[in-house]
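Have a look at the structure below, then the notes.
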Ligand code: AMP
């Protein structure tokens, strides 16, 4: 390979796609530099009155918008397309180049992720028809394929679990992996030597315990409903709640699913799911907002404590995603009263506004508390580029 080739390879972008049932998020990113050439969102796909009939039309709409932004996809020498796929089930523990078999499998895994995988499969099909470059699937579950059996196994009958692939899979893996590596970079310490608890707090929320760069526990399970309190999801409830709601409230299975996924969490407790709005209501003295905040913080402390025990102590506690990166009050509340465990934040450092990865604990603290921005698109672009060479 000539130097020219190397230089060219290092500047050609990867198109990162995240297809939802009615939306298509896209980003054109150069994996080596992290430069974002363009990004956007096509919405209302297939909805009544929308001019975007299906995902194939969404690819066209995306290409049109990119052209308006000065990027012609036919000229840009795309290296590959990286697809975010929520559920890799028991099959996929790493990114894969997509062929017909992989696509069929992503579709077949829809039973495990009915809200996500069908859309990803349709998005992949449309993108393969439009872009004649390698396509790679990057799975949200892959980073957690390493969970020890004791952490990934539910105590339900084994034959039933085997037959239906029931286990804890975990989600947001691309983010947890990216952030745990970035934290090692920030601290200037080898990843292999660090025990970390990573809190990904956005609309969806999850915690992970990472030892030496390998995930050993996580709060999301068979589905992204388990664990922390989220914008609209309940997180942990007594599993007996389902039967109780069916018997006492007369709810169907689908209705229970909807209540716990779409009408619970911060929304169910306070009437708002957006954290900024929640903070505004808190400031105005809203007692429902206060309870929602307190329940979310209580649950977070549960998981921090649990993972401290799982890891036998930690070196770093890391906050990431929309809420984790931005909410000074949440970070203060989660870490409050944990001094005995070596966890404390410096008030001024926590309150300082920044978009960079940063340490917010005092110098010399036993546990480093850090804020590390996540970048799932860049992580997907890098994994895609690595795979296609
Ligand atoms: P994500 O899913 O990572 O995009 O995160 C979305 C969540 O982050 C929403 O609940 C937002 O309200 C919250 N968020 C974004 N910016 C801020 C901010 N400056 N302060 C508090 N929460 C924020």
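The values are calculated or read from the model by the stated rules, or taken from the named source; none is laboratory data. Every value quoted in this text rests on a predicted model; they were computed, and no experiment measured them. We place every Cβ from the backbone using ideal geometry, glycine too, and count neighbours over all the protein chains shown.
Details
- Within the stretch 134-151, considering residues that are more than 18 Å from the chain's Cα centre (by Cα) and without any contact (Cβ under 8 Å) to a residue 60 or more places away in the chain, the one nearest to residue 18 (Cα to Cα): 135
- Checked against (1) within 16 Å of the ligand (Cβ to nearest atom); (2) touching a helix residue (DSSP H, G or I) at 6+ places or on another chain (Cβ under 7 Å); (3) part of a helix (DSSP H, G or I); (4) within 29 Å of residue 357 (Cα to Cα), residue 228 meets all criteria but (3).
- Exactly one residue out of 288, 274, 363 is over 30 Å from residue 149 (Cβ atoms), in contact with a helix residue (DSSP H, G or I) (Cβ under 7 Å, 6 or more places away or on another chain) and surrounded by fewer than 19 Cβ atoms within 10 Å (Cβ to Cβ), and it is 288.
- Residue 296 vs. criteria within 16 Å of the ligand (Cβ to nearest atom), in a helix (DSSP H, G or I), surrounded by fewer than 18 Cβ atoms within 10 Å (Cβ to Cβ) and modelled with pLDDT of 95 or more: no
- Every pair of residues 6+ apart whose Cβ atoms lie under 8 Å, when the first sits in the stretch 271-285 and is farther than 19 Å from residue 321 by Cα and more than 8 Å from the ligand (Cβ to nearest atom) while the second is at pLDDT 95 or above and outside any helix (DSSP H, G or I): 281/272
- Any hit, the stretch 238-252, residues being within 30 Å of residue 341 (Cβ to Cβ) and surrounded by fewer than 21 Cβ atoms within 10 Å (Cβ to Cβ): yes
- Those residues of the stretch 194-224 which are away from the ligand (no atom under 16 Å from the Cβ), without any contact (Cβ under 8 Å) to a residue 60 or more places away in the chain and on the phi < 0 side of the Ramachandran plot, in sequence order: 210
- Scanning the stretch 235-262 for residues being away from the ligand (no atom under 16 Å from the Cβ) and either touching a strand residue (DSSP E or B) at 6+ places or on another chain (Cβ under 9 Å) or in a loop (DSSP other than H, G, I, E, B) (or both) gives a total of 8.
Okay, residues lined up against (1) buried (at least 16 other Cβ atoms within 10 Å of the Cβ); (2) part of a strand (DSSP E or B); (3) on the phi < 0 side of the Ramachandran plot:
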| site | (1), (2), (3) |
| --- | --- |
| 28 | yes, yes, yes |
| 31 | yes, no, yes |
| 39 | no, yes, yes |
| 44 | no, no, no |
| 47 | no, no, yes |
| 51 | no, no, yes |
| 57 | yes, no, yes |
| 63 | yes, no, yes |
| 66 | yes, no, yes |
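- The listed residue being under 23 Å from residue 344 (Cα atoms) and within 19 Å of the chain's Cα centre (by Cα), out of 321, 306: 321
- Check on residue 268, part of a helix (DSSP H, G or I), crowded, with 16+ Cβ neighbours inside 10 Å and within 14 Å of the ligand (Cβ to nearest atom): no
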